[in-house]
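The values are calculated or read from the model by the stated rules, or taken from the named source; none is laboratory data. Given the structure is predicted, the values throughout are model-derived calculations rather than measurements. FYI the Cβ positions are ideal-geometry reconstructions off the backbone, even for glycines, and counts take in every protein chain you see.
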Amino acid sequence: MKKVALYFGSFNPLHYGHLAVAEYVIKNCNIERFEMVLSPHNPFKNKGMLEDPYRRLKRLKKEIREFNRHLKEQATNVKCKRVYINDIEFHLKEPLYTYNTMNELQRLHPNNEYIIVVGADSFAAMPRWYLGEEILKNYHVIVYPRKGYRVKTLAAKYKATYLENAPMNNISSTEIRSQS
């Protein structure tokens with residue numbers, strides 16, 4: 001089975017914190033493929049605060065092409081050498097729940113072992129997501145630390161990998177949008 005890490009997000013906008021997570025996971029988590037799953041509309045966010053999803057997809061593709069050039073130079077002793085964009089949620093019915101997306105991906109690619117990559121802030125909320133407990137039982141989760149979120153015990157409860165030694169990047173797309 002191919003180990004595929006999935007990093008979900010609105011990426012509104014993509015920023016160095018997202019890229020730092022991708023690079024750290026690629027270099028330290030023994031995966032074979034890393035995919036950023038762009039969500040056209042996160043059910044927890046107001047649609048009005050998001051840029052047009054197709055514009056975000058176009059910009060994400062451009063920025064990831066540039067990032068992959070950097071990654072190619074940096075990630076020498078790893079299985080995964082680049083980041084891919086996954087637009088599956090553009091083809092699913094709303095509301096776009098991670099549980100439904102994971103089931104569809106597993107149906108389409110039954111030989112992949114999917115691993116969900118989340119920040120500690122999102123991980124803390126996962127048990128309250130739509131069928132979040134089922135996600136946590138059925139899929140491995142890699143948790144990237146964020147300042148102010150102590151989730152080590154929760155990670156142990158769900159057998160998630162907590163990246164305790166990863167450098168913290170305390171930036172968010174919300175902060176970037178508010179400064180624009």
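Assorted remarks:
- In the range 105-130, residue surrounded by the fewest Cβ atoms within 10 Å (Cβ to Cβ) [restricted to those that are of a type in the set (A, V, I, L, M) and more than 17 Å from Glu164 (Cα to Cα)]: Leu108
- Residue within the range 124-146 that is of a type in the set (Ser, Thr, Tyr), in a loop (DSSP other than H, G, I, E, B) and at pLDDT below 95 present: no
- Filter result for the condition that a residue is at pLDDT 95 or above, outside any helix (DSSP H, G or I) and over 28 Å from Lys147 (Cβ atoms), over Lys3, Lys58, Lys81, Lys62: Lys3
- Pair list, Cβ < 7 Å and 6+ apart or interchain, from the range 97-121 residues that are more than 27 Å from Asn169 (Cα to Cα) to residues that are surrounded by fewer than 16 Cβ atoms within 10 Å (Cβ to Cβ) and modelled with pLDDT under 95: Asn111/Met1; Asn112/Met1; Glu113/Met1
- Cβ separations smaller than 8 Å between residues 6+ apart or across chains give the following pairs from the range 71-82 residues that are more than 16 Å from Asn30 (Cβ to Cβ) and surrounded by fewer than 16 Cβ atoms within 10 Å (Cβ to Cβ) to residues that are among the charged types (D, E, K, R) and at pLDDT 90 or above: Lys72/Lys81; Lys72/Arg82; Gln74/Glu23; Gln74/Lys27.
- Filtering Glu35, Glu23, Glu66 for residues that are among the charged types (D, E, K, R) and either over 24 Å from Pro167 (Cβ atoms) or surrounded by fewer than 17 Cβ atoms within 10 Å (Cβ to Cβ) (or both) leaves a single hit, Glu66.
- Qualifying residue in the range 98-111 (condition: outside any loop (DSSP other than H, G, I, E, B) and in contact with an Asp or Glu (Cβ under 8 Å, 6 or more places away or on another chain)): yes
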